[in-house]
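**Q** Handing you this structure, nothing more for now.
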Amino acid sequence: MSFSSFDRKKENSPQPSQWKLLRQELLKYLECFLMAVINGCQVSAPPNRTAAMWEDFITCLKHQDLVSSAALETQSCYLLTKTAVSRPLFLILDDNFYYQSMRYEVYQLARKYSLGFCQLFLDCSLETCLQRNGQRPQALPAETIHLMEGKIEKPNPEKNAWEHNSLIIPSTTCSSEASLKLTDLLLTALENPVTYIEDNVEQKKADRIICSTNVLHQADQMLRRIVSQTMKEAKDEQVLPFNLKLLAEELNKLKAEFLEDLKHGNKKYLCSQETVHIPDIISFFHYEKDNIVRKYFSKPH
């Protein structure tokens, strides 16, 4: 069965900041369905849910003959069909999942219930993406496609042990060889469910990667705001345009150095600390920033 991004069919598309909450809510719904299949019971609606989104989810299950429209529907409970309880059952999450951390959330769910897990990455050139997007009834802005191309993270089994069961194929490929590889991928996942008890070293490594990604994103947002505010203060101080340009270059260079340092874990600015904290990053950045600012205007900050 396949779950696509049904919530995108709504006329009012969510803002980027809301997508994470929607993904997490969808995973909760998926878990409700998994629990029903595993335990052989009814699919019950979670207490905290978005009515329209839950309705779309149930509609998706009905279209694929996984739940029935029984009288219990008035009680927010749905009976599983023969299709749902048959074996094997493949669940396909059809979305971009452009960040590795997004896919890791699905992996955690598979591990929780000892299910098979695999990833299929369709490698597509930017030019082909733009061409296909232009043929859609409701095309996305070209800038969105360019932005996605810069963000998307391919599976990296060498770095992430949990991504070892992954297949990367060109999206233009439609050969018998590609079909056989896909079949092997699905069978391997089916025959080798993820076990809940894993090597703690691997688990901690994966968790650490997720944490580092989040810290880097938060730091980037906060440092951008600091640079923006500093430039505003410089303009208020009537710093000459030429010096404003130099100040902006120095501050952006400093920000880039901080983020690069965090990304590679060099901790140049954090001395010997083992754990990276956002307040520490901001404090060190302010110290270095103030040293630069003094060259252009004397007002203390």
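Here is a yes/no grid of residues against (1) modelled with pLDDT of 85 or more; (2) in a helix (DSSP H, G or I); (3) surrounded by 15 or more Cβ atoms within 10 Å (Cβ to Cβ):
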{"site": "Thr230", "(1), (2), (3)": "yes, yes, yes"}
{"site": "Ala256", "(1), (2), (3)": "yes, yes, no"}
{"site": "Asn266", "(1), (2), (3)": "no, no, no"}
{"site": "Cys271", "(1), (2), (3)": "no, no, no"}
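**Q** What number of residues in region 110-134 are touching a residue at least 24 places away in the same chain (Cβ under 8 Å), exposed (fewer than 14 other Cβ atoms within 10 Å of the Cβ) and basic (Lys, Arg)? Spell out the reasoning first.
**A** Within region 110-134, the first condition is being touching a residue at least 24 places away in the same chain (Cβ under 8 Å), and the residues that meet it are 110-124, 128.
If we keep only those that are exposed (fewer than 14 other Cβ atoms within 10 Å of the Cβ) as well, we get 112, 114, 122-123, 128.
Retained after the next criterion (residues that are basic (Lys, Arg)): 112.
Here the count works out to 1.
**Q** Oh, and also: Could you run through region 225-246 and say how many residues are within 21 Å of Ile281 (Cβ to Cβ) and touching a helix residue (DSSP H, G or I) at 6+ places or on another chain (Cβ under 9 Å)? Before the answer, list the steps.
**A** Keep residues of region 225-246 that are within 21 Å of Ile281 (Cβ to Cβ), which gives 225-231, 233.
Imposing the further condition that a residue be touching a helix residue (DSSP H, G or I) at 6+ places or on another chain (Cβ under 9 Å) reduces the set to 226-227, 230-231, 233.
Residues flagged as within 21 Å of Ile281 (Cβ to Cβ) and touching a helix residue (DSSP H, G or I) at 6+ places or on another chain (Cβ under 9 Å) within region 225-246 amount to 5.
**Q** When you check Leu130 against the structure, is it in a helix (DSSP H, G or I) and not assigned by TED's automatic domain parsing to the domain that holds Leu22, yes or no?
**A** The answer is yes for Leu130.
**Q** Related question: Of everything in region 79-106, what is surrounded by fewer than 18 Cβ atoms within 10 Å (Cβ to Cβ) and aromatic (Phe, Trp, Tyr)? Give them in sequence order.
**A** Scanning region 79-106 gives Phe90, Tyr98, Tyr99.
**Q** Another question about this same structure. Can you tell me which of Pro88, Pro137, Pro141, Pro157 is of a type outside the set (D, E, K, R), touching a residue at least 40 places away in the same chain (Cβ under 8 Å) and farther than 29 Å from Pro47 by Cβ? Walk me through how you get there before you give the answer.
**A** Details: Pro137 fails: touching a residue at least 40 places away in the same chain (Cβ under 8 Å); Pro141 fails: touching a residue at least 40 places away in the same chain (Cβ under 8 Å); Pro157 fails: touching a residue at least 40 places away in the same chain (Cβ under 8 Å).
After applying the criteria, what remains is Pro88.
**Q** When you go through Leu120, Leu109 one by one, which is the residue that is under 30 Å from His217 (Cα atoms) and either part of a helix (DSSP H, G or I) or outside the structural domain of Leu190 (by TED's automatic domain parsing) (or both)?
**A** Values: Leu120 fails: either part of a helix (DSSP H, G or I) or outside the structural domain of Leu190 (by TED's automatic domain parsing) (or both).
Criteria check complete, one pass: Leu109.
The values are calculated or read from the model by the stated rules, or taken from the named source; none is laboratory data. Just so you know, these numbers come straight off a predicted model, no measurement behind them. Glycine gets a Cβ as well: all are built from the backbone with ideal geometry, and neighbour counts include every protein chain shown.
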